[in-house]
1. Give region 64-98 a look and list any residue that's more than 21 Å from TYR34 (Cα to Cα) and either in a helix (DSSP H, G or I) or in contact with a helix residue (DSSP H, G or I) (Cβ under 7 Å, 6 or more places away or on another chain) (or both), or say none.
2. Restricting region 151-188 to residues that are in contact (Cβ under 8 Å) with a residue 60 or more places away in the chain and in a strand (DSSP E or B), which is farthest from GLU132 (Cα to Cα)?
3. Would you call GLU18 more than 16 Å from ligand 2 (Cβ to nearest atom) and free of Cβ contacts under 8 Å to residues at least 60 places away in the same chain?
4. Identify the residue in region 241-260 that is closer than 14 Å to PHE295 by Cβ and of a type in the set (A, V, I, L, M, F, W, C) and, among all such residues, is nearest to ligand 1 (Cβ to nearest atom).
5. Quick one: would you say ASN229 is assigned to a strand (DSSP E or B), touching a residue at least 12 places away in the same chain (Cβ under 8 Å) and under 22 Å from the mean Cα position of the chain (by Cα)?
6. Is it the case, given these coordinates, that LYS293 is under 26 Å from MET32 (Cβ atoms), within 16 Å of the chain's Cα centre (by Cα) and in a loop (DSSP other than H, G, I, E, B)?
7. Any idea which residue in region 119-135 is surrounded by the most Cβ atoms within 10 Å (Cβ to Cβ), counting only those that are within 16 Å of ligand 1 (Cβ to nearest atom) and assigned to a strand (DSSP E or B)?
8. List, please: which pairs have Cβ atoms under 8 Å, are six or more places apart or on different chains, and start with a residue in region 256-282 that is assigned to a loop (DSSP other than H, G, I, E, B) and end with one that is among the charged types (D, E, K, R) and within 16 Å of ligand 1 (Cβ to nearest atom)?
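Nothing in this text is a laboratory measurement; each read-out follows from the coordinates by a stated rule. Quick caveat: nothing in here was measured; it's all calculated off a predicted structure. Because the Cβ atoms are built from the backbone with ideal geometry, glycine has one as well, and the counts that use them run over all protein chains shown.
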Amino acid sequence: MNPTSESASQPVPQMNMESKLPKRRLVLAWDMHYNCNYRCPYCFYTSAGWAELAKKNTYKSPQEWGEVWERMHARHGSCQLRITAGEPFTYPGFVEVIATITRWHDVQVTTNGSRTDSLHKFVTAVDPAHAELDCTFHPLNTDFDLFLNNVLLLRKHGFTANVCYLAYPAQLAGMPDFKRRFAQNGVHMNLAMYWGAYQAKDYPFAYSSEERLLIKEVIGQEIGPETVNLEPIPVRGKICGAGQRYAVVQADGKIYRCGQLCHEDQSIASIFAPEVKLLETGRPCPVDYCRCKEFQSAWEDDEKKMMLQENRLQPVDAQKLALGTMP
Ligand code: SF4
Ligand code: SF4
């Protein structure tokens with residue numbers, strides 16, 4: 001079936017599905033393994049080097065992962081696991097692992113939506129009350145109709161499945177048309193800003209005024225959750241719950257405060273330790289910008305809301321920082 005041509009004459013309201021997962025005290029972003037069936041030019045892992053990263057990969061059976069995550073449940077209760085990889089669906093036995101660990105935790109899986117066979121297996125084996133999917137559309141690698149059909153398959157089986165598109169300079173021109181084609185099929189296409197180099201320029205700072213205008217036109221609003229990081233706001237010194245209410249688990253099991261604080265010597269724990277202990281309080285952010293918007297899980301609700309809806313932030317108390325009196 002070609003869903004785009006079938007519904008082109010009859011537009012349907014586009015829909016960004018609300019998360020139905022309950023709020024959890026602890027959110028963990030889990031890099032399940034460093035492997036992907038794509039090689040996107042804008043991918044952090046492609047520039048970091050897949051072969052080097054793959055040395056951290058830890059392959060366990062669904063039963064073994066069940067034991068690890070059941071132990072985490074005993075210590076921290078039900079968590080929300082944000083599963084990325086590379087591409088999680090390339091992890092051996094991925095569907096069985098998810099069917100097992102959703103006995104204790106909820107999962108939100110970021111996928112490139114390419115593995116049609118595994119997605120069919122997923123929708124029959126996993127309960128949509130405990131699993132949601134963020135599907136990133138990579139037009140340089142995939143076919144629009146294949147991707148869309150997989151998103152619609154997930155939705156048909158009751159899963160919250162949203163679509164994201166990266167405002168990478170080389171794929172800006174295609175954005176309006178893809179947005180229209182998704183909308184014709186009832187799917188809202190969310191935009192994410194690109195962080196990184198392109199043609200020796202540093203993005204998102206290098207977006208031209210025309211590109212910024214185009215991005216805002218495609219988003220459909222001047223300011224809102226999707227425009228965060230179009231004009232990045234400095235966060236250095238801001239007290240952040242990364243490490244306490246949010247953390248990153250890498251493929252070797254090591255836990256870090258967040259994705260930007262992942263140097264070996266910054267590890268705060270391991271999921272394989274019998275007693276997993278995270279930080280007890282928030283701590284100042286040591287970097288300039290929260291590139292991957294992890295503040296959405298790590299900050300207090302009001303500040304997170306202010307950042308997402310108004311793209312602003314309470315000023316960090318520079319004087320206290322200078323005096324070293326911030327906790
Ligand atoms: S699909 Fe995602 S993980 Fe895979 S290469 Fe592209 S950006 Fe990287
Ligand atoms: S604000 Fe963002 S980058 Fe800074 S510590 Fe928190 S999660 Fe990490």
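1. GLU67, GLU70, ARG71, MET72, HIS73, ALA74, ARG75, HIS76, CYS79
2. First, pick out the residues of region 151-188 that are in contact (Cβ under 8 Å) with a residue 60 or more places away in the chain: 152, 155, 160-162, 166, 168, 170, 181-188.
Add one more test, that the residue is in a strand (DSSP E or B), and what stays is 161-162, 166, 187.
Numbers: ALA161: 6, ASN162: 9, LEU166: 20, VAL187: 15 Å.
Within region 151-188, the match that is farthest from GLU132 (Cα to Cα) is LEU166.
3. no
4. Start the filter on region 241-260 by keeping residues that are closer than 14 Å to PHE295 by Cβ, which leaves 241-248, 257-260.
Pick out the ones that are also of a type in the set (A, V, I, L, M, F, W, C) and you get 242, 247-248, 258.
Values: ALA242: 22, ALA247: 20, VAL248: 15, CYS258: 18 Å.
So the residue we want is VAL248.
5. Values: assigned to a strand (DSSP E or B): no; touching a residue at least 12 places away in the same chain (Cβ under 8 Å): yes; under 22 Å from the mean Cα position of the chain (by Cα): yes.
No; evaluated as a whole, the condition is false for this residue.
6. Considered against the rule, which asks whether it is under 26 Å from MET32 (Cβ atoms), within 16 Å of the chain's Cα centre (by Cα) and in a loop (DSSP other than H, G, I, E, B), LYS293 comes out as yes.
7. That would be LEU133.
8. Pairs found: GLY259/ARG291; GLN260/ARG291.
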